2 protein chains.
Amino acid sequence: MKKLINNPEDFVRESLEGMAAAHADLIKINFDPTFIHRLDAPKSGKVAIISGGGSGHEPMHAGFVGMGMLDAACPGQIFTSPTPDQMLAAAQAVDGGAGVIYIVKNYSGDVMNFEMATELAHSEGIRVLNILIDDDVAVRDIYTQGRRGVGTTVLAEKICGAAAERGYSLQQVADLCRRVNLSGRSMGIALSSCTVPMRMSPTFALGAKEIEVGIGIHGEPGRKRMDLMPANELVSMLALSILEDSAYTRVVREWDMDNGKWFDCELVNQPFQRGDRILAFVNGMGGTPISELYIVYRKLAEICQNRGIQIVRNLIGSYITSLEMQGCSITLLKLDDEMIELWDAPVNTPTWRWGV
Amino acid sequence: MKKLINNPEDFVRESLEGMAAAHADLIKINFDPTFIHRLDAPKSGKVAIISGGGSGHEPMHAGFVGMGMLDAACPGQIFTSPTPDQMLAAAQAVDGGAGVIYIVKNYSGDVMNFEMATELAHSEGIRVLNILIDDDVAVRDIYTQGRRGVGTTVLAEKICGAAAERGYSLQQVADLCRRVNLSGRSMGIALSSCTVPMRMSPTFALGAKEIEVGIGIHGEPGRKRMDLMPANELVSMLALSILEDSAYTRVVREWDMDNGKWFDCELVNQPFQRGDRILAFVNGMGGTPISELYIVYRKLAEICQNRGIQIVRNLIGSYITSLEMQGCSITLLKLDDEMIELWDAPVNTPTWRWGV
């Protein structure tokens with residue numbers, strides 16, 4: 001595997017420096033501890049939204065920092081959770097007095113560190129809430145308790161970012177974020193592995209015709225391995241896994257700001273049904289050209305139409321990636337009027353620039 | 001090489017159908033002959049801008065059709081020129097009476113077919129001009145007369161699209177397009193080959209550590225093969241090849257509308273110099289993640305700064321690709337106030353959405 005890098009250990013820092021240099025009108029980077037924040041943060045009276053996770057999934061999250069989306073992003077090393085001190089420092093830097101939401105993808109390391117950061121921020125007097133994204137229908141309880149957090153994260157950050165921009169309260173943004181998570185489901189496939197720069201050997205091995213169905217964004221195992229099939233059959237498999245997923249109930253921990261403690265919260269994803277209006281998100285894993293993603297979208301649109309499910313918004317491109325992995329994921333998000341309006345709201349980040 | 005496709009012979013059609021389905025609010029596709037056009041074309045009194053070329057370079061050109069950019073795009077089969085009947089039909093469909101500009105990348109097949117289309121459109125009473133993009137400093141006279149047309153095409157389509165939207169005349173848009181071409185230079189490298197779906201074997205073979213410097217967007221040979229080096233050294237090599245390129249003089253054929261014949265036109269690219277304001281475009285070849293492109297941008301910005309060349313705009317992402325090839329190209333475009341204003345103007349296409 002050949003890469004456009006210098007020293008592997010400098011990959012994350014140099015990539016962030018490049019991003020900050022390219023978008024100095026929008027974002028600024030802080031090192032030691034590392035986080036990227038909006039140039040105009042903190043914004044007084046506005047709820048601040050912070051996300052983060054291992055690097056290697058770019059443009060998520062750093063590319064989503066800016067007006068109408070994230071106030072800060074905390075990148076870890078490649079496929080490695082950021083640390084609580086990064087998350088705390090980011091919260092201190094961008095809290096404008098209205099509180100902070102941490103949007104957390106459900107991976108054991110991320111969950112543990114964001115929970116610790118939540119407690120630290122609380123003890124520093126910051127009003128903070130912590131919302132989990134766990135939308136991957138492929139598997140559960142593999143390396144992570146419950147389902148993993150994938151594509152819905154991107155959509156939650158856009159929608160909640162718009163809500164915060166409009167002056168939603170901390171509790172309102174948290175409720176919305178939870179609702180987005182409960183309305184979204186995802187699944188992906190890998191046609192190739194990715195290669196972590198520090199290791200320079202593939203994370204997993206696939207045969208010349210083999211694919212991994214239900215792949216995780218760090219190369220974690222999915223449901224099964226099988227031979228490559230025509231795109232239409234792969235899309236059917238992913239789409240039906242999502243559309244036919246039954247109600248999914250689990251208990252997650254959320255933060256009780258008033259009493260400074262965690263409590264158990266039972267959450268349920270309701271299944272999709274005929275008549276739903278959805279956002280269809282076809283995501284490239286980093287090494288797949290957009291021409292192939294459109295072939296995926298073509299079949300996905302047909303399947304949804306045949307099931308009486310109406311795609312009213314879509315997003316097609318590489319937004320939550322696994323380095324240069326080839327493959328794609330599909331995320332379907334059930335929308336309501338409020339979410340549609342927030343999806344359409346202006347945004348100005350390194351990755352997205354709408355309405356400005 | 002594994003791909004998310006069905007039958008290789010359906011690749012282009014299905015990908016276009018997916019794009020049209022995803023962006024039905026912006027574009028519409030016509031088959032037999034194949035072209036993609038703005039939903040609201042023809043626009044009376046507005047110069048229409050048409051480009052085209054082989055498929056496999058997506059999002060260019062179909063992804064650039066819409067308000068503020070192209071009126072139509074004519075895709076050929078993978079890495080194969082579209083035909084004159086496509087180009088003529090596109091012109092007939094989008095000409096709003098103010099005439100049509102064909103923006104043509106300098107490849108023998110494209111040039112021949114667009115010249116034929118120019119003559120056909122002329123004979124159908126359409127006012128038409130034909131502007132060549134030939135910005136690749138890597139090589140000349142390899143498979144193509146003179147220099148190949150690469151990244152500057154993307155920038156020309158954005159800038160000229162904005163100009164046409166503002167009501168520039170046919171001659172004014174053509175003059176601007178020629179000026180953009182004479183202000184831009186590009187060069188790329190490949191870390192891997194690409195694989196054409198109909199062949200399913202790599203277009204060229206690279207060793208495990210080998211790269212091709214000065215690669216063409218169809219896998220044509222560049223300047224040399226060498227071992228992979230750290231990104232900073234590769235970026236220096238590309239950037240200096242561009243920044244130190246001396247005046248480039250050549251004769252191209254342009255169309256004389258009034259007399260219905262071709263004439264020879266001598267054109268000169270002036271070298272970059274200290275004090276220039278530029279747009280720096282770091283382009284991914286399709287299989288390279290954006291994290292690596294930011295590492296490229298980081299070094300490029302440093303080099304430009306050290307030479308007293310000011311990057312006032314930038315573009316980073318995969319816009320002119322070679323299927324799933326890994327690698328990147330750098331395009332530097334000398335800007336003036338007019339070009340900056342047009343670059344910043346609103347655009348609404350499948351790929352770009354600014355200011356709307």
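The set of residues from the stretch A:309-353 being within 19 Å of A:L176 (Cβ to Cβ), part of a strand (DSSP E or B) and within 13 Å of chain B (Cβ to nearest Cβ) comprises A:V312, A:R313, A:L315, A:V347. The residue that is surrounded by the fewest Cβ atoms within 10 Å (Cβ to Cβ), among those in the stretch A:53-80 that are among the small types (G, A, S) and at positive phi, is A:G68. For the stretch A:53-95, a tally of residues being within 17 Å of A:A163 (Cβ to Cβ) and within 14 Å of chain B (Cβ to nearest Cβ) returns 5. Condition check for A:A98 on (1) open to solvent by 30 Å² or more (accessible area, probe 1.4 Å); (2) more than 14 Å from every other protein chain (Cβ to nearest Cβ): one failure, at (1). Taken over the stretch A:140-199, the residue count meeting the criterion of being at pLDDT 95 or above and either at positive phi or in contact with a His (Cβ under 6 Å, 6 or more places away or on another chain) (or both) is 2. Each residue in the stretch B:286-308 was checked for being outside any strand (DSSP E or B) and within 9 Å of chain A (Cβ to nearest Cβ), and 16 pass. Taking the criterion of being open to solvent by less than 10 Å² (accessible area, probe 1.4 Å) and out of contact with any Phe, Trp or Tyr (no Cβ under 8 Å at 6 or more places or on another chain), the residues of the stretch A:139-159 that qualify are A:T152, A:T153, A:A156. Listed residues B:V111, B:V173, B:V196, B:V180; which is farther than 19 Å from B:I242 by Cα and open to solvent by less than 10 Å² (accessible area, probe 1.4 Å)? Just one listed residue meets the conditions, B:V173. Under the condition of being touching a residue at least 24 places away in the same chain (Cβ under 8 Å), within 14 Å of another protein chain (Cβ to nearest Cβ) and of a type outside the set (A, V, I, L, M), the residues counted in the stretch B:1-44 number 6. Checking the structure you have, find out if any residue of the stretch A:245-264 is within 14 Å of another protein chain (Cβ to nearest Cβ) and either modelled with pLDDT of 95 or more or open to solvent by 10 Å² or more (accessible area, probe 1.4 Å) (or both). No, there is no match, as no residue in the stretch A:245-264 is within 14 Å of another protein chain (Cβ to nearest Cβ) and either modelled with pLDDT of 95 or more or open to solvent by 10 Å² or more (accessible area, probe 1.4 Å) (or both). Within the stretch A:33-56, can you find the residues that are touching a helix residue (DSSP H, G or I) at 6+ places or on another chain (Cβ under 9 Å) and not in a strand (DSSP E or B)? Listed by number, the residues that qualify are A:P33, A:T34, A:A41, A:P42, A:K43, A:K46, A:V47, A:G56. In the set (1) assigned to a helix (DSSP H, G or I); (2) surrounded by fewer than 20 Cβ atoms within 10 Å (Cβ to Cβ); (3) more than 11 Å from chain B (Cβ to nearest Cβ), the condition left unmet by A:E233 is number (3). Taking the conditions exactly as written (on the phi > 0 side of the Ramachandran plot and either open to solvent by 30 Å² or more (accessible area, probe 1.4 Å) or not polar (S, T, N, Q) (or both)), does B:G219 satisfy them or not? Yes: the conditions hold for B:G219. Here B:P271 fulfils each of the conditions (1) of a type outside the set (A, V, I, L, M, F, W, C); (2) assigned to a helix (DSSP H, G or I); (3) surrounded by fewer than 18 Cβ atoms within 10 Å (Cβ to Cβ) apart from (2).
The values are calculated or read from the model by the stated rules, or taken from the named source; none is laboratory data. None of these values were measured; they are calculated from a predicted model. Glycine gets a Cβ as well: all are built from the backbone with ideal geometry, and neighbour counts include every protein chain shown. Note: accessible area is taken over every heavy atom of the protein model, side chains too, but ligands, DNA and RNA are not part of it. Shrake-Rupley method; radii C 1.70, N 1.55, O 1.52, S 1.80 Å.
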